[in-house]
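Data first, discussion second: the structure below is written as structure tokens.
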Amino acid sequence: MSKMRDRFREVLSRPDCTLAANIFDPLSARIAHMLDYEVCFLSGSVGKVANLGVPDIVLYNSSDSVDHCRRIMRMADVSLMLDGEEGFGNAVNTMRTVKELEAVGVSAIEIEDNIARTRFDSWDPGLASQAEQVGKLEAAVAARNDPGTVIVARTSALTYCPLDEALDRISAYSQTGVEAVRLTGLKTREQLEAIHQVTPLPLTVLSPPDDMRNDPAFMAANGVSIVMAGNPAFGMAVKAVYDCFKHLKDGGDVADLASNEASPALLREVNRTDEFIQMQELYLRS
């Protein structure tokens, strides 16, 4: 686990901008590992669907998240950054969440300042107070058993607040002992430049506008260490399964699907057949 956390910290410390793989289950994590992605990210929205088949609401708890991460870490040696929601409760709940996620090998845990909705498609309660979130982040940092685990302050302040208030929050969060800041709702280069001026911490960004996404040098120069391109792999996987099942249900021929299937060689690599054969040869004795 320390190796994976060391790798994550090394990515954070570099002067360039690294693309993370947005995974959603152990299989996608294994494929990202095969392709040498240095960082994997598991977001709450796709994690809920992939793990439990539910939408992004409060049907998902910290134990579900821990179980999901445990299965991912058993499958692939990846540096995993996780959307830890709002810590699944208050500051004390957040401490338990951090300890449990750390124990299964997560490298970095995001704690967000959004207030969890209690109903789906209901009024958005917005952000926790700055004071409450500062206390929660301090609690998350204090809860670590391994100092290699990175606590990330995730903020949606750019969506909910004027820029000066968002900057004040980011500055305050940066003084809690967290070691990175996650931005959502980033829209302009001017916002990023202003944020870089108020925090010395590395930044991670989900789905930045195309003019920034296609200019990694600008992002790196303004503190962005990790960028995430949304969840296209999850969307493509869902469509592929749906299209396959519908084709067969509608009477389509199995042979028509062959060109879209993974090759036997790829499947063998994904499921680590050769690795397990090697273990058999080393350890199975008659």
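Descriptive notes on the structure:
- Surface share of carbon and sulfur [accessible, 1.4 angstrom probe, percent] for the chain: 55 percent
- For Phe218, net neighbour charge (Lys/Arg +1, Asp/Glu -1) across residues whose Cβ lies under 15 Å away: -3
- C-alpha long axis of helix 189-198 to longest principal axis of the chain, angle in °: 60 degrees
- Its relative contact order, with pairs defined as Cα atoms under 8 Å and 6+ residues apart, puts the chain at 19 percent.
- The distance from the alpha carbon centre of region 93-165 to that of region 225-286 is 34 Å, rounded to a whole number.
- Gyration tensor verdict on region 82-209 (Cα atoms; rounded if a/c is under 1.5, prolate if a/b is larger than b/c, oblate otherwise): oblate
- Whole-Hz couplings from phi, Karplus 6.51/-1.76/1.60, listed for region 251-258; x for Gly and Pro: x, x, 7, 4, 4, 5, 8, 4
- Label of the coordinate-derived value, semi-axes √(5λ) of the Cα gyration tensor in Å, listed as (1) 28, 23, 18; (2) 37, 25, 15; (3) 34, 22, 20: (3)
- Note on the chain: GNM, Cα springs under 10 Å; of Met236, Met34, Met81, the largest mean-square fluctuation is that of Met236.
- With protein chains left intact and a 1.4 Å probe, residues in region 11-84 average 39 Å² of accessible area per residue.
- Rolling a 1.4 Å probe across the protein heavy atoms gives region 95-198 an accessible surface of 43 Å² per residue.
- Listed values for region 273-286 are Karplus-derived 3J(HN,Hα) couplings in whole Hz (6.51 cos²θ - 1.76 cosθ + 1.60, θ = phi - 60°), namely 4, 5, 4, 6, 4, 4, 5, 4, 5, 6, 10, 7, 10, 9, and x replaces Gly and Pro.
- Helix-only mean residue ellipticity at 222 nm for the chain, each DSSP H run of n ≥ 4 adding -39500 (n - 2.57), per residue, nearest 500: -14500 deg cm²/dmol
- When the Cα gyration tensor is reduced to axis lengths a ≥ b ≥ c, the ratio a/c is 1.5 or higher for region 222-286, and with a/b not above b/c it is classed as oblate.
- Across region 223-228, rounded Karplus estimates of 3J(HN,Hα) from the backbone phi angles (6.51 cos²θ - 1.76 cosθ + 1.60, θ = phi - 60°) give x, 7, 9, 9, 10, 10 Hz, Gly and Pro being marked x.
- Relative to the longest principal axis of the Cα atoms of the chain, the long axis of helix 130-143 makes an angle of roughly 50 degrees.
- Surface accessible to a 1.4 Å probe, per residue, for the residues of region 221-286, Å²: 76 Å²
- Rounded to 5, percent antiparallel among DSSP beta bridges of the chain: 5 percent
- Alpha-carbon centroid distance for the pair region 179-206 / region 1-71, whole angstrom: 21 Å
- Cα-based helix-to-principal-axis angle, 2-13 vs the chain, degrees rounded to 10: 50 degrees
- Overall form of region 181-242 per C-alpha gyration tensor (a/c, 1.5; a/b vs b/c): prolate
- Kirkwood Rh in Å, taken over region 131-203 so that all alpha-carbon pairs contribute: 12.5 Å
The values are calculated or read from the model by the stated rules, or taken from the named source; none is laboratory data. It should be emphasised that the depicted structure is a prediction, and the values quoted were computed from it without experimental measurement. Note that we place each Cβ from the backbone using ideal geometry, even for glycine, and neighbour counts take in every protein chain shown. The accessibility values were calculated without ligands, DNA or RNA, using every heavy atom of the protein model including side chains. Shrake-Rupley method; radii C 1.70, N 1.55, O 1.52, S 1.80 Å.
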